[in-house]
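Reviewing the structure listed below.
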Amino acid sequence: MPVRTLLRILLLSLALLSTHVWADERVASPLRVVSFPYPPFMLIDERSKPAGPMVELVSEAFRRVGQPASIELLPLARALLQVETGEAAAMFTVKKTPERVAKYLFSSEPVLVQDYVIFVASDSTLAFRGDLNALAMSSIGVVAGTSYGAIFDAAARQGTFKKLESAGSHDANFRKLLAGRMDAVVCSRAVGVEILRQLQASWRVKISGPPIETTQSYLMFNKAVATPKLVEKFDHAIRTMRKEGLLDTYRKVERP
């Protein structure tokens, strides 16, 4: 074989090998995934690392997909902004709203199911019995940018609540409630109980009435960064974990 022909074959082989390696490196590049502090489900541990059952669940799902993921916990507003701009590829745990569904890709399998309830001071006479209209004139703490489920969100849009007070975190709202600066806080039951435990104030607050709604939360993907195929693979991993009984293990949180 002429030397020139042999050289061309060698160069072509090297080019194909380089393309293959580049493609493998692209697939193996960590996907940047963000969330927010939401104890007991997502939190920063003593090593300043993301921890909690939802962090473990999402990490395991991406491991099964074969897609490395780098998870970071940020303030809620910053996490939402980063997934909007594409700086982050995905975010958890997020509820579906019509506006978000039109803008982002969502997993079809929920990763978190939780009850949203009304917290009031232990000596409060405010009694929630399932009718949100009864809370119309009560000052209620909410977190900016947070969905509390279709029922509460719809009531808020319709102007049912005259005194919604927005804060940057659930912790801030409970501190206001403990200080007597608001009448009630709407929050996930498990999250509220954990925050009050951390504040050593569980005895000073009670849950009033039944859950407003049991909600489902998902992974939300930026369409420009993540592909439908990746979302499909993630859903398959979650379905498999559910069949194995792992989702119940990750979601289990002691009730009060």
Review point. In degrees, nearest 10, range 0 to 90: what is the angle between the Cα axis of helix 189-198 and the longest Cα principal axis of the chain?
Key: 80
Check your understanding: Rounded to the nearest 500, what is the chain's calculated 222 nm mean residue ellipticity when only DSSP H runs of at least 4 contribute -39500 (n - 2.57) each, over all residues?
Key -> -12500 deg cm²/dmol
Review point. Roughly how many Å² of F161 are accessible to a 1.4 Å probe, to the nearest 10?
Key: 20
Exercise for review: Mind grabbing the accessible area of E72 for me, 1.4 Å probe, Å², rounded to tens?
Suggested key: 70
Study note, to complete from the structure: A224 and V101 label points (each 7 Å along its Cα→Cβ direction) are spaced in nm at 2.4
Exercise for review: Please express the Cα-Cα pair-distance distribution P(r) of the chain as a list of whole percents, one per 5 Å bin, running from 0 to the bin with the greatest distance.
Suggested key: 1, 6, 12, 15, 16, 14, 11, 8, 5, 3, 2, 2, 2, 1, 1, 1, 1, 0, 0, 0
Exercise for review: Treating each Cα of segment 76-168 as an identical point scatterer and ignoring solvent, apply the Debye formula and state log10 I(q)/I(0) at q = 0.14, 0.17 Å⁻¹.
Suggested key: -0.64, -0.88
Study note, to complete from the structure: The percentage of Cα-Cα pairs in segment 101-215 separated by more than 17 Å is 54
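Find out how many positive minus negative residues lie around Y104, taking Lys and Arg as positive, Asp and Glu as negative, among other residues whose Cβ is under 10 Å from that of Y104.
+2
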Check your understanding: Under a point spin-label approximation (7 Å from Cα along Cα-to-Cβ), what is the R157-E244 distance to one decimal in nm?
Key -> 3.8
Check your understanding: Residues in segment 85-127 near a label at A201, defined as backbone nitrogen under 18 Å from the 7 Å Cα→Cβ point?
Key -> 117-126
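The values are calculated or read from the model by the stated rules, or taken from the named source; none is laboratory data. No experiment lies behind these values; they were computed from the predicted model shown. Cβ: placed from backbone, ideal geometry, glycine included. Neighbour counts: every protein chain shown. In case anyone asks, the SASA skips ligands and DNA or RNA and just uses the protein heavy atoms, side chains included. Shrake-Rupley method; radii C 1.70, N 1.55, O 1.52, S 1.80 Å.
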